Amino acid sequence: MSRYNFAGKGVASSVAIGYDRPLSTFFVQVMQPHPRIEGEEATYIWKGSAPGELPTAADAIAVAADYADLPKDLGAKLETDRLKTLGTFDGPAQLAAKPFIQASPPPIHTEAEAREAGYTRAVIADSTHHTLELLIEPGADLDSIFLAFDRDGNEMLHVHGWNFTIEPE
């Protein structure tokens with residue numbers, strides 16, 4: 001895996017870009033200042049977390065370019081990093097993990113991405129131990145297991161609906 005970090009610009013506080021050989025994808029992580037925790041960052045954009053999501057260095061640079069001043073030779077560096085991995089194969093741990101990666105929730109890491117993917121119904125899911133602010137698909141069966149975007153954690157979750165009282169936000 002390669003990773004290059006850059007100072008952010010605009011809404012971004014930092015940008016990371018690189019290549020992940022086991023997932024066969026380039027990746028971009030754009031961070032912004034956390035809205036509530038001083039000195040911490042929150043994910044603004046995270047692309048390249050699913051197998052083959054960003055297949056070329058140009059795809060990753062296109063995502064990152066609005067959020068950092070990138071060196072002109074970055075594409076060549078990233079492509080060189082990818083080429084260096086061509087003779088590398090998955091080890092036992094990577095082979096064991098891949099079925100779980102393939103079955104994981106879609107790679108959605110921001111509220112904007114969730115809404116774009118159809119998770120538009122805002123609800124509060126409350127149980128004895130947890131209160132979650134979620135975005136769900138409008139037709140989700142709340143008495144089953146359904147996918148939801150956790151607005152506080154900026155991640156997709158499998159929610160067992162029968163464990164929660166779910167109310168509109």
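Read the figures in this text as sums done on the coordinates, not as results from a lab. Predicted model only: the values in this text are computed from it and were never measured. Please note: Cβ atoms are built from the backbone with ideal geometry, for glycine as well, and neighbour counts cover all protein chains shown.
Annotation for residue 167 and residue 85: the two label points, set 7 Å from Cα along the Cα-Cβ direction, are 4.6 nm apart. Our coupling estimate for segment 67-82, obtained by passing each phi through the Karplus curve with A = 6.51, B = -1.76, C = 1.60 and θ = phi - 60°, is 10, 7, 7, 9, x, 5, 8, 4, x, 5, 4, 5, 5, 4, 4, 5 Hz, Gly and Pro reported as x. Backbone geometry of segment 33-40 corresponds, through the Karplus equation with coefficients 6.51, -1.76 and 1.60 at θ = phi - 60°, to 3J(HN,Hα) couplings of x, 5, x, 10, 10, 4, x, 9 Hz, x marking Gly and Pro. Between the residues 1, 120, 49, the greatest Cα displacement towards the positive end of the dipole of the chain, with unit charges on the Cβ of Lys, Arg, Asp and Glu, is found for 1.
How would you rank 24-37, 151-164, 59-72, highest first, on the average number of other Cβ atoms within 10 Å across their residues?
Ranked from most to least packed, the peptides come out as 24-37, 59-72, 151-164.
Amide H contacts under 5 Å for residue 68: 9, restricted to partners 5 or more places along the chain or on a different chain, H placed in the peptide plane at 1.01 Å from N. Taken about its Cα centre, the chain carries a charge dipole of roughly 800 debye when the Cβ of each Lys and Arg holds +1 and the Cβ of each Asp and Glu holds -1. Of all lysines in the structure, the ones whose alpha carbon falls short of 30 Å from that of residue 84, not counting any fewer than 8 places away in one chain, are 47, 72, 98. For residue 25, the amide hydrogen comes within under 5 Å of the amide hydrogens of 20, 52, counting only partners 5 or more places away or on other chains and with H modelled in the peptide plane. Taken about its Cα centre, segment 2-102 carries a charge dipole of roughly 200 debye when the Cβ of each Lys and Arg holds +1 and the Cβ of each Asp and Glu holds -1.
Taking 0.36 nm per intervening residue step and subtracting the Cα-Cα distance, what contour gain separates residue 141 from residue 100 on full extension? Provide the component values of the computation, followed by the final result.
On the way: separation 41, 0.36 × 41 = 14.76 nm, distance 2.39 nm.
Gain on stretching residue 141 to residue 100: 12.4 nm.
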